[in-house]
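Shown next, in structure tokens, is the structure this report addresses.
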Amino acid sequence: MSIMPASPAFSATTYQQRRKVLREQIGFGQILILGNGESSRNFKDNWYPFRQDSSFLYYFGIDLPDIMGVIDCENDKDYLIGDDLTIDHIIWTGPQPTMSELGDKVGIDAILPSNKIQTIIGNSTHYLPPYRGEHYRQLSEILSRDIDEIETDASLPLIKAIVEQRNVKSTDEVIELHKATNITSAMHLAVMQSARPDMMEYELVGVAKRIAAEHNVEFSFPPILSKFGQTLHNHYHGNAISEGDMVLYDGGAESHSYYAGDMTRTFPVGKQYTNRQKEIYQIVYDCHRGAVEALAPGKRYMDIHLDVARTMVDGLKALGLMKGDTNEAVQAGAHALFFPHGLGHMIGLDVHDMENLGEVYVGYGDEFEKSTQFGLKSLRLGRTLQEGFALTVEPGIYFIPELIDKFSSEGQFVEYVNYDKLESYKDFGGIRLEEDFVITKDGSELLGTPLASSVEEIEAIRGGI
Ligand SMILES: [Mn+2]
């Protein structure tokens, strides 16, 4: 009988090496990394699926609840803190590895029961910002501090050190990202092949769920699957889809080691796009290809985003939806009426990697400040790319009736937008095209099994069903 949870994704040496890098970076005091506990759903022992904290996974590798890790910078020692299960647990859970067996798997021989954690915690304890209610309580108890001080006292040096380390993916991590995106790609292909006129959106969510379940993994985030693609994060799946509609599906799976995939396709419910859909799709596709070709170490992602915006404005001008000087339109932020989000974000153990540590530290670092302009303020990744960064490229064009009406009535961007013509596009919906990449020595590598993305490739799939 085997009921042991999956072994850590990497070797004990890998975890030791990661902790050593972090210890040397921080240099003094203790680094406390909380693992997650079970999260109750509607009564205490009826849980949501367990998801370990990603930083805990990165440094301590163990996918079980109620364990903490301490990296002691004062005496170069790492601790695993948690309690062995008693027979009262084991009759429900079956035999489980002991704390010391778990420690062996990730290169730690110092094990402490949870009620002894304070014996190794000094006055300088670095910890990460909490994001679950119980983190606040745990930190308050361990550090003997008021719960109101917990959030503000999170360690900025620790945040920055972890971000710089986790932002650069190792070869082994890239393999895991490929596994996640392979399943993600299979989910998208199945959804694209399964759609038929008069189906419900949730039936397609069911198709994606089946593929994830067949690989024994969870989604990396709640799926966005809707014929109303203009709503950027549309999690409502209760509409019937009809000939002439497009389905926008933005979804991803996690690998067994919890690396994330995140892809988007927008495909016709019928066998082909309409001419109007094809015209807009082609602009999004050109933006996507342009961005992918630009990916390389040394390139600033913010500049690639702005190049994409210019390509988009040129395309919309050719259709008579925009006008005026392209550079000025982009500088003014007029394109954000159609493209109100950013070109992409880092991806790793989290779908928006390390967003719990602070989006600007991950996507901008100390390089420059994030813009406050509408559109650009939603660019999660702006900084200069380095070899080993893993990121998404996801341009989109949306016709958001509420935003069009607002900008039009306020007279915003009248020199760049043909509001008269735009009126007839208010029922268009939205198109997004998203793939994941890792930055290589001289360019980039697509993550996961290549999937149809051009008009012709997608119509070949839709036409063949
Ligand atoms: Mn994404």
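Some notes on this structure:
- Of Ile81, Ile67, Ile111, Ile62, all but one fail to be surrounded by 14 or more Cβ atoms within 10 Å (Cβ to Cβ), under 25 Å from the mean Cα position of the chain (by Cα) and free of Cβ contacts under 8 Å to residues at least 40 places away in the same chain; the exception is Ile67.
- Candidates are the residues of the range 309-323 that are out of contact with any strand residue (DSSP E or B) (no Cβ under 9 Å at 6 or more places or on another chain) and within 29 Å of Val438 (Cα to Cα); the one that is farthest from the ligand (Cβ to nearest atom) is Arg310.
- Taking each residue of the range 445-465 that is of a type in the set (S, T, N, Q) and looking for partners that are part of a strand (DSSP E or B) with beta-carbon atoms closer than 8 Å, six or more apart or interchain, yields Ser453/Arg265; Ser453/Glu435.
- Of all the residues in the range 240-266, those that are of a type in the set (Val, Ile, Thr), part of a strand (DSSP E or B) and more than 14 Å from the ligand (Cβ to nearest atom) number 1.
- The requirement of being within 16 Å of the ligand (Cβ to nearest atom) and buried (at least 21 other Cβ atoms within 10 Å of the Cβ) is fulfilled somewhere in the range 324-339, by at least one residue.
- The listed residues are Glu415, Glu410, Glu435, Glu457, and the only one of them that is within 16 Å of the ligand (Cβ to nearest atom) and of a type outside the set (A, V, I, L, M) turns out to be Glu435.
- Entry remark, the range 214-226: residues being more than 16 Å from the ligand (Cβ to nearest atom) and either crowded, with 23+ Cβ neighbours inside 10 Å or among the aliphatic types (A, V, I, L, M) (or both) number 1 in total.
- Search result, residues across the range 227-239 that are within 13 Å of the ligand (Cβ to nearest atom), surrounded by 16 or more Cβ atoms within 10 Å (Cβ to Cβ) and free of Cβ contacts under 8 Å to residues at least 60 places away in the same chain: none
- Comparison of Gly388, Gly344, Gly365, Gly358 shows that the only residue that is within 16 Å of the ligand (Cβ to nearest atom), modelled with pLDDT of 95 or more and within 22 Å of the chain's Cα centre (by Cα) is Gly344.
- Residue selected from the range 148-207 under the condition assigned to a helix (DSSP H, G or I) and among the small types (Gly, Ala, Ser), by the criterion nearest to Tyr259 (Cα to Cα): Ala180
- Residue, nearest to Gly29 (Cα to Cα), within the range 158-184, restricted to residues that are touching a strand residue (DSSP E or B) at 6+ places or on another chain (Cβ under 6 Å) and of a type outside the set (S, T, N, Q): Leu158
The values are calculated or read from the model by the stated rules, or taken from the named source; none is laboratory data. In this text the structure is predicted, and so the values were computed from the model without any measurement. No Cβ is skipped: glycine too gets one built from the backbone with ideal geometry, and neighbour counts run over all protein chains shown.
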